[in-house]
Amino acid sequence: MKLEKIVECVLGAEMDKVESLVKEGLAEGTDPSVLLKEGLIKGMDVIGEQFENGDLFLPEMLAAAMTMKAGVEILKPHLAGGDSKAAGIVVIGTVQGDIHDIGKNLVAMMLEGAGFEVADVGIDVPPEDFVKAVEEKKPQVVGLSALLTNTMPAVKMTIDALQEAGLRDQVKIMIGGAPVTQEFADEVGADGYASDAAGAVNIARGFI
Ligand code: B1M
C-alpha cells in the first residue's frame, strides 16, 4: 500500500509527500532497497512509459525526477551501509551528450557504501575529461553511464580516448544504463556490464 502511494507521489511529483512516505516506510522496517525498487524506480518507469507514449512532456518528467531524487536522499544513508575499508578508487560519470544522473548517482552511492572512493565527474562528460580524471585520480575502475541510445557511441569514444592516452591497460571499465547490454559491452571492449547498482558493486569488487 505504502509502495503504491510512493509510486503515485513520483507520478504526481509530490516531493514533500514522497519524503514523508519514505521516512514512514523506513520507520516501519521496510527494506530500503524495496522502497527504492518497488516505489521510486517503479514510479520513474511509469513516467518513462508515459513520456514515450506522448502522455506527458519534459517538464513533468523533470519534476518526477526531482521527486525521485528527494526520496533517494532520504534512503541514501540506509542504502549506502557496507564495509568501510577503502576497496579501491572508481571514476564515474555520465557520457558526453547525456544528462541523466539518477542511476549514475545510485551506482556511485552504493560503491561508496561498499567502501570504494568514488570520484564522480558528473554528467555530459567529454572523453577527454574522463582521461584527465583517470590521470589525476589513478582509479582502478572507470564507470560509464549512458541512458540514451544516441549517447551509446560516446561510451566507445571514451574507451577509445583512454586507449589513445595509453591508460586503457591501467583501468577496468564498467558500463551501464537502461539501453546498455552485455552484448554492447563486449562490442565496445568494456570489461564489465551491470544492469543495476548492486550489480555494479559486485563487478567493481571483482575487478580489485
Ligand atoms: Co530522459 N529519457 N530524456 N530524462 N528519461 C529516458 C532515458 C527514456 C527511455 C524515456 C522514454 O522515452 N521512455 C528516453 C531515451 C530513449 C532512448 O534513447 N532509448 C529519454 C529521452 C528521449 C530523453 C530526452 C532526449 C527527451 C527530450 O529532450 N526530448 C532528454 C535527453 C537529455 C539528455 O540527456 N541530453 C531527456 C531528459 C530527461 C530529464 C532531464 C527530464 C530526466 C533526467 C533527470 C536526471 O537524471 N537528473 C529524464 C528522466 C528522468 C528519464 C526517465 C523517465 C528515468 C531515468 C531514471 O532516472 N531512471 C527515463 C525512462 C526510464 O528509464 N524508465 C528516460 C531511474 C534510474 C534509477 O534508473 O537511470 O536506468 P537508470 O539507472 C539504473 C541502471 O540503468 C543502472 O543502475 C541504475 C540503478 O539501478 N545503471 C548503471 C545506470 N548507470 C549505470 C552505470 C553502471 C552500472 C549500472 O556502471 C558504471
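The values are calculated or read from the model by the stated rules, or taken from the named source; none is laboratory data. Because the structure is predicted, anything quoted here is derived from the model rather than measured. All Cβ positions, even for glycine, are placed from backbone atoms using ideal geometry, and neighbour counts span all protein chains on display. Ligands, DNA and RNA are excluded from the accessible area calculation, which covers all protein heavy atoms including side chains. Shrake-Rupley method; radii C 1.70, N 1.55, O 1.52, S 1.80 Å.
Structure notes:
- Rolling a 1.4 Å probe over the heavy atoms of the protein chains gives the chain an accessible area of 50 Å² per residue.
- Calculated on C-alpha atoms, the gyration radius of the chain divided by its Kirkwood radius gives an Rg/Rh of 0.99.
- Whether the stretch 2-79 is rounded, prolate or oblate, judged on the alpha carbon gyration tensor where a/c under 1.5 counts as rounded: prolate
- Per-residue extension of 0.36 nm, minus the Cα-Cα distance of D196 and Q170, leaves a gain of 6.9 nm for this segment.
- Segments 120-127, 5-12 sorted - mean Cβ within 10 Å per residue, highest first: 5-12, 120-127
- The stretch 74-196 - charge dipole about Cα centre, Lys and Arg +1 at Cβ, Asp and Glu -1, debye rounded to 20: 300
- With all protein chains in place and a 1.4 Å probe, the accessible surface of the stretch 89-207 carries 49 percent carbon and sulfur.
- Distances between placed amide hydrogens fall under 5 Å for G122 paired with T94, all partners being 5 or more residues away or on another chain.
- Within a Gaussian network of the chain (alpha carbon springs, distance under 10 Å), most fluctuating of K156, K132, K172: K132
- The stretch 100-142 versus the stretch 1-49: alpha-carbon centroid distance in Å: 27
- Å³ per residue enclosed by the Cα convex hull of the stretch 95-208: 84
- J(HN,Hα) series, the stretch 47-55, from Karplus relation 6.51 cos²θ - 1.76 cosθ + 1.60, nearest Hz, glycine and proline x: 4, x, 5, 5, 5, 4, 7, x, 7
- A dipole drawn for the chain from +1 and -1 charges on Cβ atoms has a positive end, and of N53, G192, A114 the residue lying farthest that way is A114.
- Solvent accessible area, Å² - E112, 1.4 Å probe, full protein context: 100
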